[in-house]
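Worksheet: the structure to be examined is printed underneath.
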Amino acid sequence: MGTGKKGEIDVYERITDFSQLNLNALRPILPLKKFLTPPRFTTFFYKDGKYENALKEAKRKIIFGVHPCEIHALL
């Protein structure tokens, strides 16, 4: 994943080739946090008087072209 271009707009997107990577992106239209955490997700279920974990192990991701302010927002 990295910063790419859709027309004139900078966006975070899945990069399949380094030629798609735009390291000169000023400000992507959506923040990185939108891609890393969905707007809603279930953390657990309550079933038969017991709590069950609903979270799956997250896939590892490598992200290129992230600005320091975006990294700070994730902390």
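The values are calculated or read from the model by the stated rules, or taken from the named source; none is laboratory data. Quantities reported herein were computed from a predicted structural model and do not represent experimental measurements. Positions of Cβ are backbone-derived with ideal geometry, glycine not excepted, and every protein chain shown enters the neighbour counts.
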* Restricted to segment 1-43, and to residues that are polar (S, T, N, Q) and out of contact with any Lys or Arg (no Cβ under 6 Å at 6 or more places or on another chain), which residue is nearest to Lys59 (Cα to Cα)? -> Thr37
* strands (runs of 3 or more DSSP E) lying entirely in the chain (those with 3 or more residues that are surrounded by 10 or more Cβ atoms within 10 Å (Cβ to Cβ) and modelled with pLDDT of 85 or more) -> 2-6, 9-13
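With the requirement that a residue be more than 23 Å from Thr16 (Cβ to Cβ) and within 14 Å of the chain's Cα centre (by Cα), what does segment 41-71 give you? Can you show your working first?
Here is the first cut: in segment 41-71, the residues more than 23 Å from Thr16 (Cβ to Cβ) are 41-57, 68-69, 71.
Scanning segment 41-71 gives a single hit, Ile71.
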